[in-house]
Every structure is written in structure tokens, then in C-alpha cells.
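What follows is a single structure, written as C-alpha cells, with notes after it.
Quick note: the coordinates plus some simple rules give every number you see, no bench work behind them. Keep in mind it's a predicted model, so treat the numbers as computed, not measured. Every residue, glycine as well, gets a Cβ built from its backbone with ideal geometry; the counts of neighbours run over all protein chains shown.
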Amino acid sequence: MSILKRFSQIAALLLCSQIIVHADSGRGEGHTLRYRISSKGLSVGEMRTTISPVQQAGERVVNFESDLSIDANLLLFRVNSNSREKATVGDRGTLNYHKSGRDNGKSYTVDGALEGDSFRFKLSENGVPKSLSVPRASYDYTTMDCPETRMKREGETMEIRLLSLEDAKVVKRRFQWVRSEDMEVGGKRLRCRVIDFTDPDNHCRRWVNCDDGNVIILRQEGKGKKGSYTLRVVSLTGAQGEGS
């Protein structure tokens, strides 16, 4: 996988996975997070995400929105990527999804919604449209559902069929709960699960806090043959934190 593709997937890998856990618990609060992205020890971008529980047609759902900006001008490559991502998730899982952006001048959009027994997508790359449908029975979770929080104990592993909403395809992803440890954010220590996950496109480690009905990914590291990145939260407001 190219470093451009790896950078363009950061929002989906990180933020698409922290939105839904226990949406029916009634305990989760909205929060906003800012992240710094680095590669080879240099700062190359930032991301801001807002997660807001709301009532919609009598159902408690979570609205998600993120903005990603990367401008990396390193020795062996240059990446300029900007994107906006939105989704709504409820008790049945992901209800709708939208992403639009530009990677090194190439534009794209992804629009999808759960309709009946399928998740239906309308895609566009540089103005060329495409439609496809993924049967609900063909996947266990989407990238919005944070399935690693279903694990019960350290050392546990699981493998699932995951619908990658950004790529509109189903992959097999394997998770392992490596250990638990504390991370400090804004002077407050948060208990995290350290989770490794792999699929045909990704090899990552993330630090996930699951307190109070919210899921917050505080750090993520990814690597591949052509590059690596580190993404870490620099400020958190609402829910567990108040400011940086």
C-alpha cells in the first residue's frame, strides 16, 4: 500500500471506529477531539472530530463528523490530502455514511446508506460515478462499530468480517487485546486497551478508552512497506476531558 493511500485512510481507521459503542446505554456524552499526525518524527497533519448523541425518530443515534488535513513534503514523497467525513449510527449499526475529499489533486466522494437488507453505495472518483451494494448478511460490523470493544479480557483475539465504509468492501480483520495501560490527556489519566489489528490493507496498534459509554481512541500507530504514521490526541473536550 502506498503512503498516500495509507494517509488517506487514517480518518476511516481511527475515527470511524470510535463512534457507536453502547449507543443504547444513555450514558455517552458528546465530545470533540483534536489529533496530531506525524511521520518519521515530523508533524504532517491534523484531524478534528465531533461526536454528538441525538434523538432521531424516537431512536438514540450518534452523529459523527471529522475533518482531516495532511500536508507532508518529505524526502521520498509528497502528500496533500483533505477530507470531510460524516455518519449516523444507531442501535442497528451504521445508518448512513459520507466522505468527500482530495488526495494530491484527485477528488472523490463516497455516499452510502443501509437500505433494507443491503448497504448501498454511490461512489465518484474525479467525476466518474459508480454504484454498488453490499448485502448485510456478508459482514459482521462496519468500521464505525468498534468491534474490539466486544472483547472481554487481555490476550483475547477475534476475527470478523468488516465492511470498510471508505472502500465499500468487506475484509477480514483480526484483533488482539495486547495489554491495558494508562495514558494522560489534559492532566487526566485514562485507562486504555492496547489493541493490535490487521487486515489485507492495514497493520495497526491503537490505544482505546471505553469509559462512561463513550469510546475514545487516544493514539494509533500504523505501518506498511512504504511508510508509517503516528496519530495522537492533543485535546479532548466533553465526556472525559475539558480542554487540553
Distance from the stretch 149-173 to the stretch 70-111 (C-alpha centre basis), Å:
20
Past the 28 Å Cα-Cα mark, which pairs from K152/K172; K130/K223; K122/K223?
K130/K223; K122/K223
Note down the net charge around R189, summing +1 for each Lys or Arg and -1 for each Asp or Glu among other residues with Cβ under 12 Å from its Cβ.
-2
Please identify every one of the trypsin sites (Lys or Arg not before Pro) in the stretch 136-233 that sits in a loop by DSSP and has no more than 14 other beta carbons within 10 Å of its own beta carbon.
K152, R153, K225, K226
